[in-house]
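Beneath this line is the structure, given in C-alpha cells, with notes to follow.
The values are calculated or read from the model by the stated rules, or taken from the named source; none is laboratory data. Values in this document were obtained by computation on a predicted structure and should not be read as measured data. Cβ coordinates were reconstructed from backbone atoms using ideal geometry, including for glycine residues, and neighbour counts include every protein chain displayed. With ligands, DNA and RNA removed, areas are computed over all heavy atoms of the protein, side chains included. Shrake-Rupley method; radii C 1.70, N 1.55, O 1.52, S 1.80 Å.
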Amino acid sequence: EDWRPRYARLLTKARYVISPSFDAAARMQRFVPAAHIQVLPHASLYSRQVRYPQPRPRILTGNQRLKIVVLGALSRIKGADTLEEVATLTAIQNLDIEFHLIGYPYRSLRALPRSLLTVHGGYQEQELPQLLQALQADAAWFPALWPETYSYTLSAALEAGLPIVAPNLGAFAERLQDRDW
C-alpha cells in the first residue's frame, strides 16, 4: 500500500508504462487508472519470433516414476511450502512421482528420503537448458500461489518442450492458453 501513492504520480505522468502481460497491466490499471499502460511481453522484444516446441510426453513403463521439475527460487508465494507438502504426501502414499527443484527454496525443505523431493540448488541462467535436458523431466510444475507478471522459468520450460502444470493466475494462464498439454 505504501507503493501505490508514492508511484501513482510517476506512472500517471509517464508517456508509457510497459507491462509484460495483460494480467499485470489490468492489476496496475486498477490502482493507477490514468496510467498509459502498454502490454509488451518480453518475448516480443526479441528480434526473432519465439516458437516453442510442442510437448511430447513419454509413456511410462513398468516401475518408472513420473518426474516433475519445479524451477527457480521458491518463496512462500511461489509455492515452496506447497511443493514440500505434495512431495511428502507423495512419499507417504507411495506414489510413482518424484519432484526435482532446480533452484533453491526460501527455507530448507523436507527432501529425500522423507519426501520424494530432490533439491538441486542454484544455477546460472545459461545452464538451465542443459540441466533440464539432463534431468529428462516429464513435466514442469509451477506451484505459485500468486500471479506472475511474466515468468522466465516458464519460458525455459516451454523451450524445453515440457508439458506444463500451472495455476490459472497471472501470466501463466495468458501464456499457456493456446498451448497443447
Quiz item: What percent antiparallel are the DSSP beta bridges of the chain, to the nearest 5?
Solution: 5 percent
Practice problem: Collect residues whose amide H, placed 1.01 Å from N in the peptide plane, falls under 5 Å from the amide H of residue 100; neighbours closer than 5 in sequence don't count. | Solution: 68, 69, 70, 118
Quiz item: Taking Rh as the Kirkwood radius, which is the inverse of the mean 1/r over Cα pairs, what is the Rg/Rh value for the chain?
Solution: 1.03
Quiz item: Counting DSSP beta bridges in the stretch 46-144, what percent are antiparallel, to the nearest 5?
Solution: 5 percent
Quiz prompt | Rounded to the nearest 10 Å², the accessible area of residue 152 at probe 1.4 Å | solution = 130 Å²
Exercise. Give, rounded to the nearest 20 debye, the magnitude of the charge dipole that the chain has about its Cα centre when Lys and Arg contribute +1 at Cβ and Asp and Glu contribute -1 at Cβ.
Key: 540 debye
Self-check item: Options 135, 153, 80, ranked by Cα towards positive dipole end of the stretch 58-181, top entry (Cβ charges)
Solution: 80
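What FRET efficiency would be calculated for the residue pair residue 60, residue 18, taking the C-beta separation as r and a Förster radius of 41 Å, to the nearest 0.05? Don't skip to the end; give the middle numbers.
Details: r = 43 Å, r/R0 = 1.04.
Result of the calculation: an efficiency of 0.45.
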Exercise. For residue 17, enumerate residues with amide H under 5 Å from its amide H, sequence gap 5+ or separate chain, H modeled in the peptide plane.
Key: 36, 37, 38
Exercise. Find the Rg to Rh ratio for the stretch 95-181, where Rh is the Kirkwood radius over alpha-carbon pairs and Rg uses the same atoms.
Key: 0.95
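Mind giving me the FRET efficiency for residue 106 and residue 134? R0 is 22 Å, r the Cβ-Cβ distance, nearest 0.05 is fine. Working shown, then result.
On the way: r = 25 Å, r/R0 = 1.14.
Once the sixth-power term is evaluated, E becomes 0.30.
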Self-check item: Inter-site label distance for residue 9 and residue 39 at 7 Å from Cα along Cβ, in nm
Solution: 3.1 nm
Practice problem: In a Gaussian network model over the chain where Cα atoms closer than 10 Å are linked, find which of 149, 90, 61 has the largest mean-square fluctuation. | Solution: 61
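By average Cβ neighbour count within 10 Å, what is the ranking of 107-117, 155-165, 27-37 from highest down? Please report the intermediate quantities before stating the final value.
Numbers: 107-117: 16.0, 155-165: 18.9, 27-37: 14.4.
Going by the mean number of other Cβ atoms within 10 Å, highest first, we get 155-165, 107-117, 27-37.
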Quiz item: Where the accessible area of the chain is counted over protein heavy atoms with a 1.4 Å probe, how much of it, in %, is carbon and sulfur?
Solution: 53 percent
Quiz item: Expressed as a whole number of Å, what is the distance separating the alpha-carbon centroids of the stretch 126-156 and the stretch 47-122?
Solution: 10 Å
